[in-house]
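Written below as structure tokens is the structure these notes are about.
Here, each number is a calculation from the coordinates, and none is a lab measurement. Because the structure is predicted, anything quoted here is derived from the model rather than measured. Ideal geometry is used to build each Cβ from the backbone, glycine not excepted, and the neighbour counts take in all protein chains shown.
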Amino acid sequence: MASGSGFYSITVAGAASDLSTLYAERIAAPTSRYSDLCDRKHQMSRRDYPRWDETSTGNCRREPALAVHGTRAGRLPCCVRRANMGIPTSGERVTVNSDDTRARSVFMEVHSGLPREGPGDRASTGRAIALAQPLPASADVLDIACGPGEQTVHLAQLLPAARIQAVDYHRPFVEEASRRVATAGAGHRVKVSVADMRALPFETGQFDLIWCEGAAYNMGLTNALTQWRSLLRSDGKLAFTEAVWLRDDPPDELHDWWMAGYPDMGSANASLELVSRCGYRLLGSFVLPDHAWWERYYHPMEDRLTILEEKYNGDPEAMAVLEDCRLEIDYYRRYSDCYGYLFVVAIRES
Ligand SMILES: C[S@@+](CC[C@H](N)C(=O)[O-])C[C@H]1O[C@@H](n2cnc3c(N)ncnc32)[C@H](O)[C@@H]1O
């Protein structure tokens, strides 16, 4: 889960673009070059993500290892790769090579038709909505990076008179979310469209509520909080989930795996401090419960992986992608006490 970094890389403007290209190189690199590439990646992490060394962020402060323990060096959290699997937007240059295209297509097979594309559930969305109350009856709501739209539908049901705009830059997700919204009978007040969250096509002060489940990392939390603030009305509210460390002593293999994907990941307190530094007052926060990871996300993904493992038996390239997805699930199964998703609800301070 990283801002702009990923396995299925597209080049994006800004500091993270080198890192994106590097991951694309890394997955295609012969084994003998892995440690060199890891080394370069970590140098870049330090340069491009200066918060790494700042105590105030609460990040796990530890020297990153130069090799990823016990894993194929190309492995990153699925959510990191997902961050970059969408349609390139204008000005972006696609840098993936054919190996990446193949891996990406298998990855997309895993990630098409799942109930959701990240941890979350209706109860948690409802709990966050309760923290955001009071809201105007016909609130203007923006759901950023809506994926296939599960939480978009929940928002429409929980706020029955709200006008909702939902955006994602991966067109198949936008189409799926639109279908779900229509099936839920909310098409007249929920508009789903393709948009890049780094350049949202909205006016300042347009929304009473901004929602973002599992995607702020795509543009970096500080950047997201800053840009979203200007889209909110003076007393507008914000709700988002963010990956955080729940312990400051995670096992090395887990630490390195997350740092390869999301070097900016901090503690829950660090994320909350950032929220107030960016001009919001905290209304409440909670860590997503375990079942919000399993029921609508990892269990369906495991079912999909079982089918695809049979389909791609004997195809090492495809199997490597599936193994990576299994690894992500396995890490959560083993280490869910070490990290989680924090749901944060805050109000814009004037
Ligand atoms: C972890 S998924 C979360 C999706 C959904 N909110 C959910 O919880 O099911 C992250 C989403 O971010 C989207 N995304 C990644 N980069 C984006 C960008 N630059 N602009 C818009 N959407 C983006 C992906 O397409 C994906 O749908």
**Neighbour-limited loop hits for GluC sites (Glu not before Pro), the range 242-346 (at most 11 other Cβ within 10 Å; DSSP other than H, G, I, E, B)** = none
**Prompt:** In whole percent, what relative contact order does the range 201-331 give with Cα contacts below 8 Å and a gap of six or more residues?
**Reply:** 20 percent
**Item:** Computed magnitude of the charge dipole of the range 261-309 (debye, nearest 20; Cβ of K, R +1, Cβ of D, E -1)
**Value:** 360 debye
**Asked** Which value, in debye to the nearest 20, describes the size of the charge dipole of the range 118-169 about its Cα centre when Lys and Arg Cβ atoms bear +1, Asp and Glu Cβ atoms bear -1, and nothing else is charged?
**Response** 160 debye
**Item:** Net charge over other residues, Cβ less than 9 angstrom from the Cβ of Y217 (K, R count +1; D, E count -1)
**Value:** -2
**Prompt:** Once label points are set 7 Å from the Cα along Cα→Cβ at both N269 and A184, what is their separation, rounded to one decimal in nm?
**Reply:** 3.7 nm
**Asked** Do any GluC sites (Glu not before Pro) in the range 169-232 lie in a DSSP loop with no more than 16 other beta carbon atoms within 10 Å, and if so, which?
**Response** E203
